[in-house]
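The values are calculated or read from the model by the stated rules, or taken from the named source; none is laboratory data. Values in this document were obtained by computation on a predicted structure and should not be read as measured data. Neighbour counts are summed over all protein chains in view; Cβ atoms, including those assigned to glycine, are modelled from backbone coordinates with ideal geometry.
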Amino acid sequence: MRQSLLSRILQLIGGLFLFSLGSVLTINAHLGYAPWDVFHVGLAKTVGISIGNASIIVGIAIVILSILLGEKFGLGTILNMVLIGIFLDIILSLSVISRANDVVVGISMLVIGLFFMALGTCFYLKSAIGAGPRDSLMVALKRKTGLPIGMCRGIVEILAVIIGWRLGGMVGIGTVISAFTIGFWIQVAFKLFKFDAVEVKHETIDYTCKMIFRKINEKRVAKAATKNVQ
């Protein structure tokens, strides 16, 4: 039985928070930013905005590219674009995660962060109300090329590193580890929850809106019928 829309939205938000938390862990590991964060920080420095706002801008651009590659977007795509950026800025501003002061702690934070990011990806994709911008691109590449999902993610991450580095984002050993292992951690998380991203049929935003309005109308009709009986 499929979960209700509300429970799926809550699952998606939880996944986005986990992803953001993982991202902050990789940043504060201080070994070099994760691929997309290299891009986000590079863009933030270049334009003069927060990392969260840079994430939102990049998300919008990727959604447009994914649509051109044949992917559709949903409510989850929009929430992904906005909430990850907001969560990033909030967690960073609260300073609840300290910066690593040695390599061992840094590597531990990096690995945990990457796993949280992979776990978050699994949760918000399972909600099936629209893949995130970066994941839409990952899935679009898999559909077009037939390559393993982890390899597609790895290709996208490496491209993000190159562009972000050119914009001034911090690149280090942590970046290399992230770029070449994020695909592995995603495959681990997907296998752990027996989840296949390609098989998921994400709801488009117009379909989700129709379902919401239908539910509202059904409750209105039911309420009116109850009043008539009384």
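Within segment 23-48, being of a type in the set (A, V, I, L, M), under 17 Å from residue 160 (Cα atoms) and surrounded by 24 or more Cβ atoms within 10 Å (Cβ to Cβ) holds for 27, 34, 38. Only one entry of 78, 112, 60, 90 meets the criterion of being closer than 23 Å to residue 143 by Cα, surrounded by fewer than 16 Cβ atoms within 10 Å (Cβ to Cβ) and at pLDDT 85 or above, and that entry is 60. Contact map, segment 32-61: first residue without any contact (Cβ under 8 Å) to a residue 24 or more places away in the chain, second residue among the polar types (S, T, N, Q) and in a loop (DSSP other than H, G, I, E, B), Cβ cut-off under 9 Å, separation 6 or more or different chains; pairs are 44/50. Residue check: is residue 20 crowded, with 21+ Cβ neighbours inside 10 Å and either over 30 Å from residue 100 (Cα atoms) or of a type in the set (Lys, Arg) (or both)? Against the criterion (crowded, with 21+ Cβ neighbours inside 10 Å and either over 30 Å from residue 100 (Cα atoms) or of a type in the set (Lys, Arg) (or both)), residue 20 does not qualify. Within segment 172-187, being under 15 Å from residue 29 (Cα atoms) and either surrounded by fewer than 18 Cβ atoms within 10 Å (Cβ to Cβ) or at pLDDT 90 or above (or both) holds for 172, 173, 176.
Residues in segment 193-208 that are over 20 Å from residue 66 (Cα atoms) and either in contact with a strand residue (DSSP E or B) (Cβ under 7 Å, 6 or more places away or on another chain) or in contact (Cβ under 8 Å) with a residue 12 or more places away in the chain (or both): 193, 195.
Is it the case that segment 199-215 has a residue that's in a helix (DSSP H, G or I), within 30 Å of residue 37 (Cα to Cα) and among the aliphatic types (A, V, I, L, M)?
Taking segment 199-215 first, the residues in a helix (DSSP H, G or I) are 199, 205-215.
Then keep just the ones that are within 30 Å of residue 37 (Cα to Cα); that gives 199, 205.
Subset that is among the aliphatic types (A, V, I, L, M): 205.
Yes - at least one qualifying residue is present in segment 199-215.
Of all residues in segment 115-129, those satisfying the criterion of being in contact with a Leu (Cβ under 8 Å, 6 or more places away or on another chain) and modelled with pLDDT of 90 or more are 116, 117, 119, 120.
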